[in-house]
1. Once you keep just the Cα pairs under 8 angstrom separated by 6 or more residues, what percentage relative contact order results for region 204-298?
2. Given 10 °C and 1.306 mPa s, how large is the Stokes-Einstein diffusion coefficient of region 390-435 in µm²/s, with Rh as the Kirkwood radius over Cα pairs?
3. Based solely on its DSSP helices, what 222 nm [θ] is calculated for the chain when runs of n ≥ 4 H residues each add -39,500 (n - 2.57) and the sum is averaged over all residues, nearest 500 deg cm²/dmol?
4. Note the direction-averaged projected area, equal to a quarter of the hull surface, for the Cα convex hull of region 385-511, in nm².
5. Considering the dipole of the chain built from charges on the beta carbon (Lys and Arg +1, Asp and Glu -1) around the Cα centre, which of Ile317, Phe67, Gly278 is farthest to its positive end?
6. Let me check against my output: what whole-number percent is the relative contact order of region 22-68, with C-alpha pairs under 8 Å and at least 6 apart?
7. Note the direction-averaged projected area, equal to a quarter of the hull surface, for the Cα convex hull of region 227-390, in nm².
8. With both partners inside the chain, how many of the DSSP beta bridges are antiparallel, as a percent to the nearest 5?
Amino acid sequence: MRAANDEGELITRDGGPVRASEALRDKVAIFADGRCLVSRSHSEDVDVISLIALARRLGFPTRTPEFVDLGSLRSFYSCASPSISWSAAGRPVHDDTTMQREVQDLLARAAAAQASDIHIVVDSDSASVRVRIDGELQPMAGGGGGSSVQWRAEHGRQICMTAYAMAAEGGTADANYDPFGYQAGRMMTGLPQGVQAVRLQFNPVGYSGRHLVMRLLYLGHAAGHSIGELGFSAAQVESLTGFTENQTGIVVISGPTGSGKTTTLERLMRRIVENNPGESILSVEDPPEYKIPGVVQLPVSNMRNDDDRDGAYTEAIAAALRSDPDRIMIGEVRTHAAAHHAFEAAMTGHQVLTTVHANDALGIVPRLMDVGVESYKLRDASLVSGLVAQRLIRRLCPRCRRPSDPMTADLPADMAMRLRPILKDRPVWMPGAGCDACRRGYEGRTVVAEIIRPDQRLLDLLCAGERQAAQRYWVDDLGGRTFTHHAIEKVADGVIDPIQAEYKVGKLRIP
């Protein structure tokens, strides 16, 4: 009987020991270990049956066929290219050549544009590449700066598999690649200058497609010297720095994915380290995104599913509590167990900084109730010491922004009418045509935020579900400043334009 060097070798690949036409490779895939995958729509195809018989005559045993969809077959064949191949078990068998260099080039071009993410979407026929710059997804330009990147589907799958292999080699992803499952990984080597790591998320897409998101984590992004650099107002900076001076209590930052929560947390942590060199400060993150000098960072990474992740997260928090901390930063609280440990730490004399997903600052308390935090804890103002919510809005380039009359600017009529009482006689600032220092009239992003130092009454109202009464009390009695307040200030100062502001925080009206 004929032996193969690799029992998972795809013997019907192009140039393989069992010759199969391109049309047949869309119908059947045969491996040296006997696995035989057949397209569901070709289960009785005469040519398929003949090819299986040929493999047997050549000395390759074949098992009972397994029926799969067309995308599965194409995926296996695309993995069997000369530049990178994978065994039937999903293990990478490749050399460090063409495909790895292409992944590195992709990352280098994204880094040069200061992109935060690369999105690769593979469907049955083609693959597209987009990058997120200043919060906006846009097609990635081709290598020569011309048309956008477009690949054949097989090439897109190879890029995904190569990226996974690079993460697997570094020990930050499972050895086995599942082209039809949810997986994650982290690339730590071979990265462009200035990029500390690349976080990978692989998602299956309908019709046997693939979706890969590559998040670029830059060196120094969180190493700024001032919280105010992020765009917080002077009063907000005062509140945030006041939180760091507390020794106890829990400070919670909320916002959607990509709203800068991690950066704000890390700026706060750096300030704490600078002002309290004698303290033991630990963090629990999934996984640590940026190195924070002076903080012992406990990682939670490479979990197979949400249950494993939640269990590992809870275990890491419990371990942090047993490690003689003065303060703990918890990357995210989203389960009852994590919330329980976070509040246990705060109740036993530690300060805790963490994040949750909530729509605004007042929504943090109901969100914590949803994950199982008892109301008696949430009603304690000495325990719940700070509530922060934030968004990131594209910032106008100060060099080429242009002033306009609200009524003659290129704005919807109803927006112009809303701006008149806000701006009075001042102009509205709009993006310019772009200059050497910006991208189409915008330069980076800035924070718009809500910050609350709650008291007993506010927490009582929120825990009782009286949201509107809590809003009135916060604004009227505690001097609260909402997202709208902060956005209006920045529109009036020409930092952001009203279209971007309303896109992020809703209609601008004087409260």
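1. Numbers: 62 pairs, mean separation 23.9, N = 95.
In percent, rounded to a whole number, it is 25.
2. Details: Rh = 11.6 Å.
It diffuses with D of about 136 µm²/s by this estimate.
3. Calculated from helices alone, the mean residue ellipticity at 222 nm is -9500 deg cm²/dmol.
4. Values: hull surface 34.4 nm².
Its Cα hull, projected and averaged over all orientations, spans 8.6 nm².
5. Of the candidates, Phe67 comes out farthest on the positive side.
6. Values: 57 pairs, mean separation 21.4, N = 47.
For region 22-68, the relative contact order is 45 percent.
7. Numbers: hull surface 35.7 nm².
Orientation-averaged projected area of the Cα hull: 8.9 nm².
8. Numbers: 55 of 81 bridges.
If we restrict to bridges inside the chain, about 70 percent are antiparallel.
Coordinate-derived values only; no laboratory data. All figures in this text were calculated on a predicted structure; none of them were measured in a lab. Cβ sites come from the backbone with ideal geometry, for glycine too, and all protein chains shown count toward neighbours.
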